[in-house]
Amino acid sequence: MQKEIVIKTDKLTKRFSDFVAVNEITFEVYQGEIFGFLGANGAGKTTAMKMLIGISKPTSGKAAIAGYDIDKNTEEIKKSIGYMSQKFSLYEDLTVKENITLFGGIYGLNDSDIKIKSEALIQKLGLQNEADKLVASLPLGWKQKLAFSIAIFHSPKIVFLDEPTGGVDPITRRQFWDMIYEAAHNGITVFVTTHYMDEAEYCDRVSIMVDGVIEALDSPSQLKQNYNAQSMDEVFLMLARGAKRGD
Amino acid sequence: MKQLFNFIKKEFHHIFRDYRSMLVLLGLPIVQLLIFGFAITNETKNTNIAILDNAKDETTQQIISKFENSDYFDIEITLKSNDEIEKEFKSGKIKLAVVFQEDFQNELFHSNKAQIQLIADATDPNQATTLVNYASAIIQDYQTDLNSENKLPYQIKTELRMLYNPELKGAYTSVPGVMGMILLLISTMMTSISIVREKELGTMEILLVSPMKPYLVILSKVIPYFVISLINVTTILLLSVHILGMPIQGSTILLIAITIIYIFCALSLGILISTITDSQLAAMLISLLGLMLPVVMLSGYVFPVANMPIILQVISNIVPAKWYIIMVKSVMIKGLGISGIWKEAIILLGMTIFFIIISIKRFKIRLA
């Protein structure tokens, strides 16, 4: 099967004066794949992700997102990606509908598209009764699902999720992953960072970052085999034990 | 264009749905103006005073009746001896005592000098000074009447003439000051807080990742507060003309024009502050301590710049509010035209451009 490469990095590096946060990472992510980006706190995964989504400039190295160079074609990249950050990032003092409309508008969707798509989305999430309520009044799990839906509302090629399920109960997490599967099934590439090793098992391939370097990159089953481990948890502990930094 | 419009709508949602901030934004100017215009004023009316007339002759009666007829004073009590004075002050019933010497009329007409002692409660020194001034003026007035009747060749006359504000109305200082302060508060503090709030909430990151142009984000933040500032200016001016009785002597259009420059200056300062800090609290503290204090202390609003030590006079030049307040006073009170204020206008305009350039530079650095 010929796989299209949607993320490609070449010795991507970020230095903060003496500190090398991300050290020459090179990897590829294929279209429609769920790519888990793992690492302990301080391993450099958020910094790496920030370079990929264009809010942090790499010190050296290259990367291409959806075929666009992150140095030159930032505007094109912005249109092709969706992003959901660690912090819950919808406007709490706007209603569900207003949030959808606002972000739809930001991504250049026209009014009628927004109307049709947002009704479908509200239907799908079962938020009919909450559509005109402030987002602040929703339970956290629903907010997360809504945030994810809004991140892929404009049908991006790639969606970047930075620890999307922090603080959510296991059932909601499971539902959240169902939504991720669905997105991947629809051809959206999912690039996700996480702390939860059970979530790592759900990914097609995972990379494990230690001290700014990618120590391992493969499918979860292959990794377990290579490291002779029962679970991703064990693999992760084996690799991360050698880490010198972190908190 | 549509993005911008949507975003401005969003900003107004933020503002209108936060009732407390709304109340502060629109109510504060009114409250401040009324407090500074009415409550905190150097004017003192109907102050209770005591009279101790040790002479009880025709002249002292005439002076006393002048006090009686004055709006400023009410004679609360007529004392019989010096011993009673302190008691009355201690009870707090009176703020000023007027004591006539014995044999007042005789002394005045034969040795040409008679003494009146004014004793004031100086726990509030400003008020005491004001009261003593009022009382002296009344006595001076009587002396003038007396001298004109007698046609004495040499008369000592103290002439007091208050230019521009003959009634020494408090509004004449408080209106320009409140305008300088409120506009800065709303434009600078609220703009910086609303930008920093997006950083704190993480929504700024989402916006920066989106195709939304950063300058549109900032513009959409600035426009609502510009509108609110204009509403506030209108409220302040209406209040000061109709309630505080302070007319606009010069051109209203000119006044609005310099006010718009000042608002731009304040807005760009707000953006600048938002580029320095990531926390709403810090943005608020910087706005309050870094800007409000200089406005109150150094702009000439409360303390006259000319009386400051040289070093503070020099520092006061970098306070935008100083130039704005000078211009408001010139246009509103003195009725000057553009020829009277162009220097200040250029200085303020220069500051504004400087702040805008710096904040654009800093904002770009943050994106890198």
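The values are calculated or read from the model by the stated rules, or taken from the named source; none is laboratory data. The structure displayed is predicted, hence computed values, not measured ones. Note that each Cβ is placed from the backbone with ideal geometry, even for glycine, and that neighbours are counted across all protein chains shown.
Laid out as a table, the results:
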quantity: Lone unmet requirement of (1) under 30 Å from A:ALA64 (Cα atoms); (2) touching a helix residue (DSSP H, G or I) at 6+ places or on another chain (Cβ under 8 Å) for A:ALA151; calculated: (2)
quantity: Qualifying residue in the range A:84-92 (condition: surrounded by 21 or more Cβ atoms within 10 Å (Cβ to Cβ) and under 22 Å from A:VAL22 (Cα atoms)); calculated: yes
quantity: Residue list for the range A:47-65, filter: away from chain B (no Cβ under 11 Å), under 15 Å from the mean Cα position of the chain (by Cα) and either more than 19 Å from A:GLU163 (Cβ to Cβ) or β-branched (Val, Ile, Thr) (or both); calculated: A:THR47, A:ILE65
quantity: From the options A:GLY126, A:GLY212, A:GLY187, residue that is on the phi > 0 side of the Ramachandran plot and either among the acidic types (Asp, Glu) or modelled with pLDDT of 90 or more (or both); calculated: A:GLY187
quantity: Candidate set from the range B:262-306 (those that are under 18 Å from B:SER174 (Cα atoms) and in a loop (DSSP other than H, G, I, E, B)); member that is modelled with the highest pLDDT; calculated: B:SER299
quantity: Condition met for A:THR59 (closer than 18 Å to A:VAL20 by Cα and polar (S, T, N, Q)); calculated: yes
quantity: B:VAL217 modelled with pLDDT of 90 or more and part of a helix (DSSP H, G or I); calculated: no
quantity: Selection count, the range B:68-83, where residues are modelled with pLDDT of 85 or more and surrounded by 14 or more Cβ atoms within 10 Å (Cβ to Cβ); calculated: 6
quantity: Given (1) of a type in the set (Asp, Glu); (2) under 21 Å from A:VAL29 (Cα atoms); (3) at pLDDT 90 or above, number of the condition A:ASP132 does not satisfy; calculated: (2)
quantity: Residues within the range A:78-106 that are facing chain B (nearest Cβ under 9 Å) and under 23 Å from A:GLU163 (Cα atoms), tallied; calculated: 15
quantity: The range B:307-344, subset touching a residue at least 40 places away in the same chain (Cβ under 8 Å) and part of a loop (DSSP other than H, G, I, E, B), residue farthest from B:SER240 (Cα to Cα); calculated: B:GLY337
quantity: All positions within the range A:167-201 that are touching a strand residue (DSSP E or B) at 6+ places or on another chain (Cβ under 7 Å) and among the aromatic types (Phe, Trp, Tyr); calculated: A:PHE191
quantity: Filtered residue count, the range A:107-134, keeping only those that are buried (at least 17 other Cβ atoms within 10 Å of the Cβ), part of a loop (DSSP other than H, G, I, E, B) and more than 9 Å from chain B (Cβ to nearest Cβ); calculated: 3
quantity: Tally of residues being in a helix (DSSP H, G or I), aliphatic (A, V, I, L, M) and under 26 Å from A:ASN110 (Cα atoms) across the range A:135-163; calculated: 5
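Results for (1) crowded, with 21+ Cβ neighbours inside 10 Å; (2) among the β-branched types (Val, Ile, Thr); (3) not assigned by TED's automatic domain parsing to the domain that holds B:THR252, shown as yes or no for each residue.
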site	(1), (2), (3)
B:SER299	yes, no, no
B:ASN317	no, no, no
B:ALA345	no, no, no
B:ILE358	no, yes, no
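Let's see how each residue does on (1) within 10 Å of chain A (Cβ to nearest Cβ); (2) polar (S, T, N, Q); (3) touching a residue at least 60 places away in the same chain (Cβ under 8 Å); (4) buried (at least 24 other Cβ atoms within 10 Å of the Cβ):
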residue	(1), (2), (3), (4)
B:VAL178	no, no, yes, yes
B:LEU183	no, no, yes, yes
B:SER187	no, yes, yes, yes
B:MET190	no, no, yes, yes
B:VAL196	no, no, yes, yes
B:LEU201	yes, no, no, no
B:GLU205	yes, no, no, no
B:LEU208	yes, no, yes, no
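Residue-wise test of (1) in contact (Cβ under 8 Å) with a residue 12 or more places away in the chain; (2) crowded, with 22+ Cβ neighbours inside 10 Å; (3) assigned to a strand (DSSP E or B).
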{"site": "A:GLY166", "(1), (2), (3)": "yes, no, no"}
{"site": "A:ARG173", "(1), (2), (3)": "yes, no, no"}
{"site": "A:ALA200", "(1), (2), (3)": "yes, yes, no"}
{"site": "A:MET209", "(1), (2), (3)": "yes, yes, yes"}
{"site": "A:GLN230", "(1), (2), (3)": "no, no, no"}
